[in-house]
1. Hey, can you tell me all the residues within region 173-197 that are without any contact (Cβ under 8 Å) to a residue 24 or more places away in the chain and farther than 17 Å from residue 140 by Cα?
2. Does region 96-109 include one or more residues that are surrounded by fewer than 19 Cβ atoms within 10 Å (Cβ to Cβ), more than 18 Å from the chain's Cα centre (by Cα) and within 21 Å of residue 181 (Cα to Cα)?
3. Select from region 54-73 the residues that are assigned to a strand (DSSP E or B) and surrounded by fewer than 14 Cβ atoms within 10 Å (Cβ to Cβ) and write down the one among them that is nearest to the chain's Cα centre (by Cα).
4. State yes or no: is residue 76 within 24 Å of residue 103 (Cα to Cα), modelled with pLDDT of 95 or more and surrounded by fewer than 16 Cβ atoms within 10 Å (Cβ to Cβ)?
5. Quick check on residue 51: is it assigned to a strand (DSSP E or B) and under 20 Å from the mean Cα position of the chain (by Cα)?
6. Limited to region 152-196, what total is found for residues that are under 22 Å from residue 120 (Cβ atoms) and loosely packed, with under 14 Cβ neighbours inside 10 Å?
């Protein structure tokens, strides 16, 4: 790690890796303590999760750096981790970024095996269950290239920036940028967050997947029959929004 700091000329930075006994590091995270305080929450072969707080307190988020293994069976550990912690992290902005080694849909690849199904669905199912989504991005679509040409060429979107609704609610203009590949067969990622952007009043957001829950209609019926203050049309409408927000809160909490 010392040689890395010296080579990058970042002697004042701090670094954490997921190196373990007998295995080299697959993920290395560095930060400048003059600007950020970073606390490592979880460290594994396929992910490293931090809580990152800026010195001026304008940024306070959880970030998971992902490097998925090559086999679908091994990546089950990643999907299980995401499903396990999405509830604990739902009240805080959470970003997951890196090489997931997985695609979300058939159009995320060109060349190679075009069959879609089976274990290729695991990534999408995981995000659906954890109520996470890919944030908007710019730059190249296919972030991985097999370094071959013509009929042997394979292109895939394996690198992603995923977030929860708490993150997008706080930074609705955030986006990822995927840079052209250079020395690596993967694209580099930049996450753009405008920390000083105008913060509008939060909009009501409803996820269609909530309707698939068995307890969705009972929640609606129970909350909607609670007393609404006022008798005029305007006051009844005024009472509707708190009920909608309560329904959303119940769906997120349970």
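The values are calculated or read from the model by the stated rules, or taken from the named source; none is laboratory data. Because the structure is predicted, anything quoted here is derived from the model rather than measured. Reconstructed Cβ throughout: ideal geometry from the backbone, glycine too, with neighbour counts over all protein chains shown.
1. If the condition is that a residue be without any contact (Cβ under 8 Å) to a residue 24 or more places away in the chain and farther than 17 Å from residue 140 by Cα, then 194 is the only one that fits.
2. For region 96-109, residues surrounded by fewer than 19 Cβ atoms within 10 Å (Cβ to Cβ), more than 18 Å from the chain's Cα centre (by Cα) and within 21 Å of residue 181 (Cα to Cα): present.
3. Filtering region 54-73 for residues that are assigned to a strand (DSSP E or B) and surrounded by fewer than 14 Cβ atoms within 10 Å (Cβ to Cβ), the one nearest to the chain's Cα centre (by Cα) comes out as 60.
4. The answer is yes for residue 76.
5. yes
6. Count: 3.
Yes/no per residue for (1) modelled with pLDDT of 60 or more; (2) more than 24 Å from residue 133 (Cα to Cα); (3) outside any loop (DSSP other than H, G, I, E, B):
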{"residue": "197", "(1), (2), (3)": "no, no, no"}
{"residue": "221", "(1), (2), (3)": "yes, yes, yes"}
{"residue": "227", "(1), (2), (3)": "no, yes, no"}
{"residue": "244", "(1), (2), (3)": "yes, no, yes"}
